[in-house]
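The structure appears below as structure tokens.
The values are calculated or read from the model by the stated rules, or taken from the named source; none is laboratory data. Not measured: the values here are computed from a predicted model. With ideal geometry, Cβ positions are generated from the backbone for all residues, glycine too; neighbour counts draw on all protein chains shown.
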């Protein structure tokens with residue numbers, strides 16, 4: 001499918017969705033807040049959605065306990081099934097934050113795809129339960145940026161460590177390594193930036209071999225989310241893009 005056709009279809013779907021929501025007087029919001037509003041007000045709201053950020057109402061960085069998370073999600077799925085008549089297959093991690101435990105729970109509950117909030121383009125090398133996405137919102141929704149995003153190419157990789165995206169105090173800064181597929185892409189000109197020290201800066205990198213590198217973080221991540229973005233210029237203003245996001249437990 002051509003990019004022009006894809007953009008046209010997305011635009012048409014957006015227009016149709018807006019028309020339906022206005023016609024039916026529905027409010028389309030984050031699923032978590034709809035459920036929370038129902039519980040607190042005692043009133044019932046119509047829930048609409050294809051990708052719903054379910055549950056985790058009581059979950060925060062200090063309460064990432066497997067039992068509570070699983071219970072919260074199971075409760076949310078039951079509400080979804082009751083209101084819409086089917087069990088959701090798409091999941092969006094709240095604020096893109098997840099750990100190995102949360103990813104396993106999502107898999108156990110039969111979700112087929114789950115999205116983080118690390119930027120990038122989906123390709124066959126990506127884990128279906130930690131898919132990247134580019135945010136399009138009031139802050140990052142300029143047409144120029146959108147045009148740039150749809151020109152962006154995927155950045156296939158074999159493995160990223162640490163695999164657990166939840167970083168404890170004694171693991172900060174993490175020792176981040178990326179292993180690329182051998183003989184697939186020449187990555188020698190890759191550039192990486194991170195928000196280490198809560199300041200976006202170019203990160204030093206060290207190649208351990210021709211298809212594996214280490215990102216040398218000099219400072220701790222000092223905010224809720226530690227981010228790393230790596231890019232590689234291809235040709236004609238097209239870039240490969242790879243984003244990584246870590247949850248920083250101490251913030």
Inset, instruction - Scan segment 220-251 for residues that are without any contact (Cβ under 8 Å) to a residue 24 or more places away in the chain and in a strand (DSSP E or B) and jot them down. - result: 235
Inset, instruction - Just give me the residues in segment 129-154 being exposed (fewer than 12 other Cβ atoms within 10 Å of the Cβ), at pLDDT 85 or above and closer than 15 Å to residue 115 by Cβ, in sequence order. - result: none
Legend entry - segment 204-219 residues that are in the same structural domain as residue 175 (by TED's automatic domain parsing), paired with ones that are surrounded by fewer than 17 Cβ atoms within 10 Å (Cβ to Cβ) and not in a strand (DSSP E or B) (beta carbon under 6 Å, 6 or more apart): 211/182; 219/197
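Quick grid of which residues meet (1) assigned by TED's automatic domain parsing to the domain that holds residue 243; (2) touching a helix residue (DSSP H, G or I) at 6+ places or on another chain (Cβ under 8 Å); (3) at pLDDT below 90; (4) surrounded by 15 or more Cβ atoms within 10 Å (Cβ to Cβ):
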residue	(1), (2), (3), (4)
72	no, no, yes, yes
76	no, yes, yes, yes
79	no, yes, yes, yes
83	no, no, yes, yes
89	no, no, yes, no
94	no, yes, yes, yes
105	no, yes, no, yes
110	no, no, no, no
Inset, instruction - Confirm whether residue 157 is in contact with a strand residue (DSSP E or B) (Cβ under 8 Å, 6 or more places away or on another chain), assigned to a loop (DSSP other than H, G, I, E, B), under 28 Å from residue 236 (Cα atoms) and modelled with pLDDT of 95 or more. - result: yes
Inset, instruction - For segment 227-245, indicate whether the set of residues that are in contact with a strand residue (DSSP E or B) (Cβ under 8 Å, 6 or more places away or on another chain), modelled with pLDDT of 95 or more and over 23 Å from residue 134 (Cβ atoms) is non-empty. - result: no
Legend entry - Single residue of 188, 206 found to be surrounded by fewer than 13 Cβ atoms within 10 Å (Cβ to Cβ) and assigned to a strand (DSSP E or B): 206
Inset, instruction - Would you tally the residues in segment 164-193 being in contact with a strand residue (DSSP E or B) (Cβ under 8 Å, 6 or more places away or on another chain) and in contact (Cβ under 8 Å) with a residue 24 or more places away in the chain? - result: 19
